[in-house]
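Below you'll find the structure, written out as structure tokens, and then a few comments.
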Amino acid sequence: MSIDDLLGDLHEDRTSTVEEQLQSLERDIARRRLVSAETVVTLFGQIGELREQILKLLPEHEGAVDQHRAVREPLERERRQLERELQEELRNRWSDLRELRREHRQLSREHTEEMQRYERHTGDYDGVK
């Protein structure tokens, strides 16, 4: 086996490993986005349902007696809690995706560097390509 064959095999091993890692990261990014989207949609739905319930329990006008205050206040607290969860999910998604994309960029650079290194070192070793 010649040194060119060894270098070619080594190059293929390195590039295929990096490419597999890149594909895995792309799947992780897509999966995280899908999970987040599902969570956000669920939270929006729950918040919307609570808003509807709260609106039904509001006094009819500004001077009216607030007969449903005791029932409405826990619903308002629950709505605020869900809104905080929504904000937390959006922050967590941003943070998670930022880290996954950083890792993806790093692996892409490694892949590019490996390709460039291989191109520089292929050919005859007596100085002629």
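Quick notes on this structure:
- Inter-centroid distance (Cα atoms) of the stretch 1-42 relative to the stretch 43-59, Å: 44
- Helix-derived mean residue ellipticity, 222 nm - over the chain, DSSP H n ≥ 4, -39500 (n - 2.57), to 500: -31500 deg cm²/dmol
- The C-alpha atoms of the chain define a longest principal axis, and helix 3-57 lies at about 10 degrees to it.
- Carbon plus sulfur fraction of accessible area for the chain, probe 1.4 Å, in percent: 50
- Annotation note: GluC sites (Glu not before Pro) in the stretch 1-88 located in DSSP loop regions with a Cβ neighbour count of at most 13 within 10 Å are GLU60, GLU62.
The values are calculated or read from the model by the stated rules, or taken from the named source; none is laboratory data. As the structure is a computational prediction, the values presented were derived from the model and not from experiment. Counting neighbours? That spans all protein chains shown, and the Cβs are built from the backbone with ideal geometry, glycine included. To get the accessible areas, we keep the full protein, side chains included, count just its heavy atoms, and leave off ligands, DNA and RNA. Shrake-Rupley method; radii C 1.70, N 1.55, O 1.52, S 1.80 Å.
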